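Only one structure is covered here, and it is reproduced in the block below.
The values are calculated or read from the model by the stated rules, or taken from the named source; none is laboratory data. Note that the structure is a prediction, hence the values are computed from the model and not measured. Reconstructed Cβ throughout: ideal geometry from the backbone, glycine too, with neighbour counts over all protein chains shown. Accessible surface is based on the protein model in full, side chains and every heavy atom, while ligands, DNA and RNA are left aside. Shrake-Rupley method; radii C 1.70, N 1.55, O 1.52, S 1.80 Å.
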Amino acid sequence: MAKRVPPKEPERNLGFGRVSMDILSDILTNLNNRNKSNLENVSYLCGNLRDRKIAEYVFHLCAELGLDPVVGYYAIEMLNRFMAKYLEDLIRRQKRQPTKGAPCKETGDYKDLIYQTLKEKFFVLILSSVQIASKLDLHSNVVNNNIAMDFLHRVSYPCSKEKLLDSEIFILKTLNFNLNVPNALTYVETLLEVLGHNDPTAPVAQLHRLCVYVLQFIYLQREAIYNSLLISATGSPNPSYEQRAKFVSVTEDFMLLGVGVIAVAAFIHHISTWEKVVDELTGVTGISGQSIMDFAYVTLMHITKIKPV
């Protein structure tokens, strides 16, 4: 039997260079402020709940439903914040009603705890995250309940419309209807737009094509890449719980992720000009060239499967 080929993701027609620098400056300032606010309020649990299988499934689901890739990144971040908030509430309840066994903080089994408590509805929660994310993007078709139910029927997953709606409401209520989640692809594309304005010779369109693949690779290998960065930063092969908790401010820094992705793409595109791109990104964001190159180095080592030193 022939293997089923998944639908091709829609092409993003961005039209770089159409936005004025004044508007771009406002957009970049807004993204920077949102990033800082997110880092000030981010849950220490966020860095422990990212899972390659979830990212992979969301990407496949968006392709299956013909959605813009940006929807996938919205959905992943929304689901991550939902799980963190849900788990915080769960831990708070456990502290009020002590049970036998080691506290979750000591065991560190955050993923196990979240899957144990939500395992029966987790598949639908992922779909609901994609549904909500599709409503936040102006360039994608909205995944309504009829489309979602049709998909569930095609994959032979038993679920009623009522349960599907309950799942969406569950996510929204847990997040207190705060859907202002960062989107990695938005940061990358905005920085590329600024890069193109500042340097008209920059191959922005070519870099964007590479960035799409690099960003997806990082999301699928996120735990390994950031663990390598953590080991490099601490100088310890076995970072402590406290060191990992502090490092969440790095794993959740979308401006750093954005410049890192572009730096990797620039290195792959043309190694002779990548330092120029790094210098330009430093000027735009204030992130040191060393930090950008460290991020790029570790990512490139994982792409080429060479062990970082």
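For the chain, what does the relative contact order come out to in percent, with C-alpha contacts under 8 Å and a separation of six or more?
On the way: 297 pairs, mean separation 67.7, N = 309.
Relative contact order of the chain: 22 percent.
Can you report the principal axis dimensions of the stretch 137-236 using only the alpha carbons, biggest first, rounded to whole angstrom?
52, 42, 30
Quick one: divide the alpha-carbon radius of gyration of the stretch 208-288 by 2.2 N^0.38 Å and tell me what you get.
1.18
Which is the longest run of the chain containing none of the GluC sites (Glu not before Pro) found in DSSP loop states (not H, G, I, E, B) with at most 11 other C-beta atoms within 10 Å?
121-309
Top mean-square fluctuation among LYS135, LYS36, LYS161, Gaussian network model of the chain, C-alpha springs under 10 Å?
Looking only at LYS135, LYS36, LYS161, the largest GNM fluctuation is found for LYS161.
Give the ranking of ARG81, ARG209 by solvent-accessible surface, highest area first, calculated with a 1.4 Å probe.
Sorted by accessible area, descending: ARG209, ARG81.
Applying 1/(1 + (r/R0)^6) with R0 = 45 Å to the Cβ-Cβ distance of PHE16 and GLU40, what FRET efficiency is obtained, to the nearest 0.05?
Computed FRET efficiency for PHE16 and GLU40: 0.90.
As a test question: what accessible area, to the nearest 10 Å², does LEU172 have when a 1.4 Å probe is rolled over all protein chains in place?
30 Å²
Could you work out the local net charge near LYS135, counting Lys and Arg as +1, Asp and Glu as -1, over the other residues with Cβ closer than 13 Å to its Cβ?
It works out to a net charge of -3.
Cut-off 16 Å, label point 7 angstrom out along Cα-to-Cβ of ALA205: give me the residues of the stretch 180-198 whose amide nitrogen falls inside.
193, 196-197
Distance in nm between label sites at ARG154 and LYS121, each 7 Å beyond Cα in the beta-carbon direction?
2.5 nm
Among the listed pairs LYS36/LYS95; LYS53/LYS85; LYS85/LYS246; LYS53/LYS119, which are separated by more than 26 Å between their Cα atoms?
Details: LYS36/LYS95 30 Å; LYS53/LYS85 20 Å; LYS85/LYS246 18 Å; LYS53/LYS119 14 Å.
Correct reply: LYS36/LYS95.
To the nearest 10 square angstrom, how much accessible area does ILE231 have with a 1.4 angstrom probe?
60 Å²
Compute the orientation-averaged projected area for the chain from the convex hull of its Cα atoms and round it to one decimal in nm². Numbers along the way, then the final one.
Numbers: hull surface 73.3 nm².
Average projection, Cα convex hull of the chain: 18.3 nm².
Provide VAL284, VAL261, VAL155 ordered by accessible surface of protein heavy atoms (probe 1.4 Å), highest first. Mind showing how you got there, number by number?
Working: VAL284 40, VAL261 0, VAL155 70 Å².
Of VAL284, VAL261, VAL155, the descending order of accessible area is VAL155, VAL284, VAL261.
Using the Cα atoms of the stretch 132-186, I'd like the radius of gyration and the largest Cα-Cα distance, Dmax, both in angstrom.
13.0, 35
Over the heavy atoms of MET293, what accessible area does a 1.4 Å probe trace out, to the nearest 10 Å²?
Surface accessible to solvent at MET293 totals approximately 60 Å².
Roughly speaking, what is the stretch gain from HIS302 to ILE23, that is 0.36 nm per residue apart minus the C-alpha to C-alpha distance, in nm to one decimal?
Details: separation 279, 0.36 × 279 = 100.44 nm, distance 3.62 nm.
Contour length minus Cα-Cα distance gives 96.8 nm.
How would ARG222, ARG92, ARG18 rank on accessible area, largest to smallest, probe 1.4 Å?
If we order ARG222, ARG92, ARG18 from most to least accessible, we get ARG18, ARG92, ARG222.
Please work out how much length the chain gains when fully extended from ASN145 to ARG92, using 0.36 nm per residue of separation minus the C-alpha to C-alpha distance, in nm with one decimal.
Additional length available on full extension: 15.8 nm.
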